[in-house]
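J.: Got a structure for you, questions after.
The values are calculated or read from the model by the stated rules, or taken from the named source; none is laboratory data. Just so you know, these numbers come straight off a predicted model, no measurement behind them. Cβ placement follows ideal geometry from the backbone for every residue including glycine, while neighbour counts extend to all protein chains displayed. Just so you know, the surface numbers come from the protein's heavy atoms only, side chains and all, with ligands and any DNA or RNA stripped out. Shrake-Rupley method; radii C 1.70, N 1.55, O 1.52, S 1.80 Å.
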Amino acid sequence: MNAIVLTHGGASARMEWADGCDAAAHVAMQALDAGRTALEAAVAAVNLLEGDGRFNAGKGSVLRMDGVSMEMDAALMDDAGHLAAVAGIRDVEHPILLAREVLSTPHCMLAGEGAVAFARKRGIPEYRHQPGPRARELHRQIMRELAEGDFSDMPQWAEQDWRRDWNFLTDPELAAGACDTVGAVVRDRHGHFAVATSTGGAAPMLRGRIGDAPLVGCGFFAGPHGGVVATGIGEEITRRMVARSVYEGLAAGLDPESACRRVLADFPEAWDLGILAVSAQGGAHLANRTLPVGREERP
Ligand code: ASP
């Protein structure tokens, strides 16, 4: 069977960043060529995307509403039952590597302070993220739109009093839209599937908000019928369990494109959604906005 790697840089990320997704797909294929597992290959791809700095994951993570804090999520899963995630973490350069450490605990997910303390116990050093110019500009733009009541890019906030719910340590007046996640789906030459995701979350976000990226069946799913990752507005993805819904299509015999199309057709048009899916029949990606994608397939 051909090995396939699909990677993405996030729903609504710029298409000209697809070179970063290609590089990540290439790294994962090299890992497979070196005899590593599909899971290790998916982790290698996401690790590269986290370090790229352009994507909303790892180094490129967006700022939360206070304009200072960053909280990140990451997850991985394969068809052999390996499943691990971290949520709401900070001060870790590569969240996906911390998620990989969770595999060797009795748990599936660690969150917040406990997850960060666990990182230190496992020898993952403290890393202070420095928000880049893109994250700062995005934050300014979002706070401007919130203040002006312009919810065209964030319909989920239209009914929400963000000042009332402000749970940061700073004043709301001191304090931006975007989402994106990175993800990878791998099929190795034996027909085994693995997926990995990582995100800085959506924007705007309250403190403590967790999206779909670390939630099994929502932002990701892998099993004997294939692997799926999703990106977009996490709350809608979670309500609809997008990754599991696409997977059920694969399990029912749909080809990846049809399985993605069925779920996308049911998703509210106003909200971003991108999906990657790989099965024994091949790989496909679909999105209702832009979605930079990398792909490698080799015998
Ligand atoms: N789904 C991610 C989240 O809501 C963001 C994204 O994929 O664009 O945290």
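J.: What is the spin-label model distance, in nm, from Leu103 to Arg134 if the labels are put 7 Å beyond Cα along the C-beta direction?
T.: Once both label points are built, they end up 2.8 nm from each other.
J.: Per the 1.4 Å probe, what fraction of the accessible area of region 214-269, in percent, lies on carbon and sulfur atoms?
T.: Taking all protein chains in place, region 214-269 shows 52 percent carbon and sulfur surface.
J.: If you count only protein heavy atoms with a 1.4 Å probe, what accessible area per residue comes out for the chain, rounded to a whole Å²? Before the final figure, lay out the partial values.
T.: Values: 11950 Å² over 299 residues.
For the chain, the per-residue accessible area is 40 Å².
J.: Expressed as a rounded percentage, what relative contact order does region 211-267 have, with Cα pairs under 8 Å and six or more residues apart? Display every interim value, and only then the final one.
T.: Values: 81 pairs, mean separation 17.2, N = 57.
Normalised by residue count, the contact order of region 211-267 is 30 percent.
J.: Take every DSSP beta bridge with both residues inside region 1-130 and express the antiparallel ones as a percent of the total, to the nearest 5.
T.: Numbers: 5 of 8 bridges.
Within region 1-130, antiparallel bridges account for around 60 percent of the total.
J.: Hey, can you rank 103-112, 29-38, 63-72 by average C-beta count inside 10 Å, highest first?
T.: Details: 103-112: 14.1, 29-38: 17.5, 63-72: 21.7.
Ranking, from highest mean packing down: 63-72, 29-38, 103-112.
J.: For the chain, state what percent of all Cα-Cα pairs lands in each successive 10 Å bin, counting from 0 Å until the bin that includes the largest distance.
T.: 7, 32, 37, 19, 5, 0
J.: I've got another one for you. Could you work out the mean projected area of the convex hull around the alpha carbons of region 79-204, in square nanometres to one decimal?
T.: Numbers: hull surface 41.8 nm².
For region 79-204, the mean projected area of the Cα convex hull comes to 10.5 nm².
J.: Moving on to the next point. When only DSSP loop residues count, what trypsin sites (Lys or Arg not before Pro) in region 88-165 have their Cβ near at most 15 other Cβ atoms within 10 Å?
T.: Details: sites: Arg90, Arg100, Arg120, Lys121, Arg122, Arg128, Arg134, Arg136, Arg140, Arg144, Arg163, Arg164; in loops: Arg90, Arg122, Arg128, Arg163, Arg164.
Those that pass, being in a loop and sparsely packed, are Arg122, Arg128, Arg163, Arg164.
J.: Still on this structure: How would you classify region 1-122 from its alpha-carbon gyration tensor, with a ≥ b ≥ c the square roots of the eigenvalues: rounded for a/c under 1.5, else prolate if a/b is greater than b/c, otherwise oblate? Before the final figure, lay out each step's value.
T.: Values: a/c = 2.30, a/b = 1.14, b/c = 2.01.
Note, shape of region 1-122 comes out oblate.
J.: Over region 34-171, with every protein chain in place, what whole percent of the accessible area is carbon and sulfur at 1.4 Å, could you tell me? Please list the in-between numbers first.
T.: Numbers: 3230 of 6390 Å².
C and S atoms contribute 50 percent here.
J.: Is the C-alpha gyration tensor of region 39-87 telling us rounded, prolate or oblate? Criteria: a/c under 1.5 is rounded; beyond that, a/b larger than b/c is prolate, otherwise oblate.
T.: Values: a/c = 4.90, a/b = 1.79, b/c = 2.74.
In terms of gyration-tensor shape, oblate.
J.: In terms of modelled amide H atoms, which long-range or inter-chain residues lie less than 5 Å from the amide H of Ala111?
T.: Hits under the 5 Å cutoff: Ala87.
J.: Related question: Can you give the Rg to Rh ratio of region 136-280, both from alpha-carbon atoms, with Rh computed by the Kirkwood formula? Intermediate values should be presented prior to the final figure.
T.: Values: Rg = 17.2 Å, Rh = 16.3 Å.
A ratio of 1.06.
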